[in-house]
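The structure appears below as structure tokens.
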Amino acid sequence: MSDAEPVGTERTPESEVPTTSDAIDSPLLEVQGLRKEFGGVTAVDGTSFKVGTGALTGLIGPNGAGKSTTFNCITGIHEPTGGTVRFDGHDVTGLAPYTLAKRGLVRTFQIARELSEMTVLENVMLAPPAQMGESALRSVLPGLREQVQRDEADVVEEAWETLEFFEIDHLAHENAGNLSGGQRKLLEMARVLMTDPEMVLLDEPLAGVNPTLEEKLLDRIDELRQDGLTFLLVEHDMDVIMNHCEHIIVMHQGRVLAEGDADTIQSDERVLEAYLGGDV
């Protein structure tokens, strides 16, 4: 949005965003001994890590390292074979995605999942939970009809502000299926923000995005993080990870191989051998 703050919960002011070490001491997400087996194949093998409140944390590793499966286990797409996931101090292991979303834990996907036959504005307006107009009875009862109309007006206003924030408001009345790959990623982020999250797991948000839109998306992520939103980012672009993430977790063969800041990861011989090929 041009002059307005992103709509959502009251977030931590920029001056109060915790440092990496402080944030991990008070994590928003804790993964402990996470394990996922598919038949005889172990995709995630006892993975443990923490994500600090208000931080931008990177999760990297070679193809097949278990990153996406870890995301799926955290966000309820897969039920873990073992281990626990704690969010905001509560055990949320195996909870359904919609339940986690209500608690403030949401995700994006490698391939954006827009409703292609609906407009961009309609896609964004669908995201807020518990809208009064979702009840047919409320929509027709005289005493509640006005409340439903006010609620819908608020959602419309919030949707426009969110589209402005991601600079896609000019596409509001375009069918979502007509957008470019990068624009779809921006739309997906806009929908996520409309759910009023505390934490967002980003699964390769920059894949297939041109440099201009990539910069725009990174700027928006950074603004939201500075406002207190927490991010866990899977991304193959090492420049993005090293330049934007305060803390980086490296997975290899279903386990955490190393973690630390960019300098630590780039100088870790195990990481260089297993993933980075000796150069970043």
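The values are calculated or read from the model by the stated rules, or taken from the named source; none is laboratory data. Source: prediction; values computed, not measured. Cβ placement follows ideal geometry from the backbone for every residue including glycine, while neighbour counts extend to all protein chains displayed. Just the protein is used for accessible areas: all its heavy atoms, side chains included, with ligands, DNA and RNA removed. Shrake-Rupley method; radii C 1.70, N 1.55, O 1.52, S 1.80 Å.
For this structure, a couple of remarks:
- Annotation: amide H-H contacts under 5 Å for GLY61 (H modelled 1.01 Å from N, sequence separation of 5 or more, or interchain): MET251.
- Solvent-accessible ranking of LYS185, LYS102, largest area first, probe 1.4 Å: LYS102, LYS185
- Using heavy atoms of the protein chains and a probe of 1.4 Å, the accessible area assigned to GLU114 is about 40 Å².
- Net +/- balance of residues flanking GLU188 in space, Cβ distance below 9 Å, scoring K and R +1, D and E -1: +3
- Rounded to the nearest 10 Å², the accessible area of ILE77 at probe 1.4 Å: 80
- Measuring between their Cα centroids, segment 205-275 and segment 45-85 lie 14 Å from each other.
- Subtracting the Cα-Cα distance of ARG113 and ASP239 from 0.36 nm times their residue separation leaves 42.7 nm of extension gain.
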